[in-house]
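Novice: Handing you a structure now.
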């Protein structure tokens, strides 16, 4: 190729690769001969290319190749005679093309040929009359194009065009009417496009419209008529690497490739699990007040309340996805008792109870906006006896049960306005740590402790029964540290432990069944929270990620981590909620996740498997140089090896880029290996030493990031 600056690239139906350069004309590459041929301007030849700067190439429905030059107008290429017919701007002819700097060539869904002109707007070419119809910016007509400096065009499925421009935003053009809706940046409105300079579009396979701009990547939410912005943030390593976005491309696995000017290449997995993360944004006063999310509650009126470690209580507005706050005011006694809230409950009277970590309790009347604050008073037997509140539950009898960190359990009686304290261990205060409380479907109160296992309240005796680990009894609870509790629709109590996985308690038999990382594939044994979805799956958050657990089978169906979109791998205890609409919240140390379980779908796109390298005695074999390799290893189907080459290895890869680190591999040498050898993304090689003489087949298969396997894989016969 005679010029290294490539401005356009196109593959025609016959497999030829056409390359437009900045000054080297039009080049064509034949893969069969591995040779380039160049077509350049010859001032003395009228049928030559009109200009050597080629910015656009297109093959139409009749296999005619059209070439857009930057300075020489539009050229039609006659492949048989290798001549060009060029159409250029003529100021005396209103039916000539509107300019000579061509940026885009395309056909609409009706087969009409259109040209995007830098400085001339859009032109429709009539192949019969050889005339151009111009559509240009008119300052007095708001339905005209936003700018004549057209940089890119996307034809949508309804045959409308999205036109990107310089300084004119984007224009949604309807060719049937010639009318346009223009979207431009408004600095005072964050929902408008982020820049008026747009370089490329992509309509992704999931229907989303993505826009490359001079100030970040934008996604247009058409139903809401707003743009979502993706910008570089030096503080966030997973943000886009640069704000000048040049091009977009979606691969067959649903990965969006984003090219920047100066920031390299980025990928966005469009099929990534729909775990939406909410975090504090110090630039947004209506964002989550603190990233450490400790508690959730959906009130009887549908309101969603969120407790945080240092930001008080957040009200979450489902429609706007914004937050308002209830916070402590040290100068006002009628305020929240503390900004460190660990538990939230609503009682039958519509009051909210907020438990703090060290400052006691608040009872809040949302109608009067009055707070009743309860503080530790050890000298009063009817008062609260511990300020560190970990759990709050109102039972069906109107009692409010309160778990504390070091003070056992408190029960508040509305009728008497008194607290009753239940001390679990009079000799050791730290054995009075209660981490979770629930009321089951039969009205029984259960509590998880840190040291005394699971306890159940017996109303007729006004005391507790203890379920503690007994090493001699395999049916006993597996740990005495209980972090969270959950009752399923069948009445089983699920017990999350601090290091032994989860236990299922059959209340009828009193027997526990343990499910751990080892025997059930849950992501971790340190359980934080549990909640079920509408299909009966148990969602479990841990210190190592999240698991979707199938109760009937007693195993994890799928494990998720931060690479799947979780706020982090580490989640907070008892910080989970299923809403009435089926959506689920999980709180963590870096915000909270919100998701619809039905939208968490595996990526079905299989990974293409390729053998990428072949080594003998740890030296890469180069085609043509090697005695055993005549062509690239990825195109080789058979290898014949001398007995001298008794140490060799294959390297391989999976061409699936959603989350490459989660791709898995299996390989075997058929005729030698009895079983598949499983390996991971960071160990993509297979070594063989002293293979006996014979005929074998090396096979490698791979899965994508969601464990969907390409069973065919790649194979090479080894003789």
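Novice: Which of 442, 250 has the fewest other C-beta atoms within 10 Å, and how do the rest follow up to the most? Show your work: numbers first, answer last.
Specialist: Working: 442 9, 250 18.
With the fewest neighbours first, 442, 250 line up as 442, 250.
Novice: For the residue pair residue 33 and residue 683, what label-to-label distance in nm results when each label sits 7 Å from Cα along the Cα-to-beta-carbon direction?
Specialist: Result: 4.9 nm between the two label points.
Novice: Over region 539-618, what per residue volume does the convex hull of the Cα atoms give, in whole Å³?
Specialist: Numbers: hull volume 14.2 nm³, N = 80.
Spelled out: Cα convex hull of region 539-618, divided by residues, is 177 Å³.
Novice: Here's another thing I want to ask about it. Using alpha-carbon positions, what is the distance between the centroids of region 403-458 and region 260-303, in Å?
Specialist: 35
Novice: For region 6-194, what number results from the quotient of the Cα radius of gyration and 2.2 N^0.38 Å?
Specialist: Against the empirical 2.2 N^0.38 Å value, I get 1.07 for region 6-194.
Novice: Over region 6-194, what relative contact order in percent results from Cα pairs under 8 Å that are six or more residues apart? If you can, show how the numbers build up before the last one.
Specialist: Working: 490 pairs, mean separation 19.5, N = 189.
That works out to 10 percent.
Novice: Given 0.36 nm per residue, what is the gain on full extension from residue 83 to residue 368 after removing their alpha carbon distance, in nm?
Specialist: Numbers: separation 285, 0.36 × 285 = 102.60 nm, distance 8.46 nm.
Roughly 94.1 nm would be gained on extension.
Novice: Describe numerically, in nm with one decimal, the distance between label points set 7 Å from Cα along Cα→Cβ at residue 206 and at residue 140.
Specialist: 4.7
Novice: Could I ask something else about it? When 1/r is averaged over all different Cα pairs and the result inverted, which Kirkwood radius in Å belongs to region 230-383? List each step's numbers first, then the result.
Specialist: Details: mean 1/r = 0.0540 Å⁻¹.
Final number for the Kirkwood radius of region 230-383 is 18.5 Å.
Novice: Contact order normalised by length for region 277-599, with contacts defined as Cα pairs under 8 Å and 6 or more residues apart; what percent is it? Mind dumping the intermediate values first?
Specialist: Values: 926 pairs, mean separation 36.9, N = 323.
Relative contact order for region 277-599 comes out at 11 percent.
Novice: Report Rg/Rh for region 621-719, rounded to two decimals, where Rg is the Cα radius of gyration and Rh the Kirkwood radius. If you can, show how the numbers build up before the last one.
Specialist: Numbers: Rg = 14.1 Å, Rh = 14.4 Å.
Looking at region 621-719, the ratio lands at 0.98.
Novice: Taking neighbour Cβ counts within 10 Å as the exposure measure, how do 718, 700, 54 sort from fewest upward? Present the calculation step by step, with values, prior to reporting the outcome.
Specialist: Details: 718 21, 700 26, 54 30.
By the 10 Å Cβ count, ascending, the order reads 718, 700, 54.
Novice: Please report 717, 80 as a ranked list, fewest other C-beta atoms within 10 angstrom at the top and most at the bottom. Write out the running numbers ahead of the final one.
Specialist: Values: 717 14, 80 6.
Ranked by crowding around the Cβ, least crowded first: 80, 717.
Novice: Using helices alone, what [θ] at 222 nm do you get for the chain, with -39,500 (n - 2.57) per DSSP H run of 4 or more residues, divided over all residues and rounded to the nearest 500? Could you put the intermediate results ahead of the total?
Specialist: Numbers: 1 runs with 4 residues, N = 719.
Helix-only estimate at 222 nm: 0 deg cm²/dmol.
Novice: Would you indicate which of (1) 13, 37, 30, 13, 5, 1, 0; (2) 14, 34, 30, 18, 4, 0; (3) 16, 48, 29, 6, 0 is the value of P(r) over Cα pairs in 20 Å bins from 0, in percent derived from the coordinates of this structure?
Specialist: (2)
Novice: Go ahead and run the numbers for FRET between residue 332 and residue 279, Cβ-Cβ distance against an R0 of 35 Å, rounding to 0.05. Present the calculation step by step, with values, prior to reporting the outcome.
Specialist: Details: r = 28 Å, r/R0 = 0.81.
Using R0 = 35 Å, I get an efficiency of 0.75.
Novice: Measuring from label point to label point, each 7 Å out along Cα→Cβ, what is the residue 224 to residue 348 span in nm?
Specialist: It works out to 4.0 nm between the two label points.
Computed from the coordinates by the stated procedures, all read-outs in this text should not be read as laboratory data. Only a predicted model underlies this, so the values are computations on that prediction, with no experimental measurement involved. Cβ: placed from backbone, ideal geometry, glycine included. Neighbour counts: every protein chain shown.
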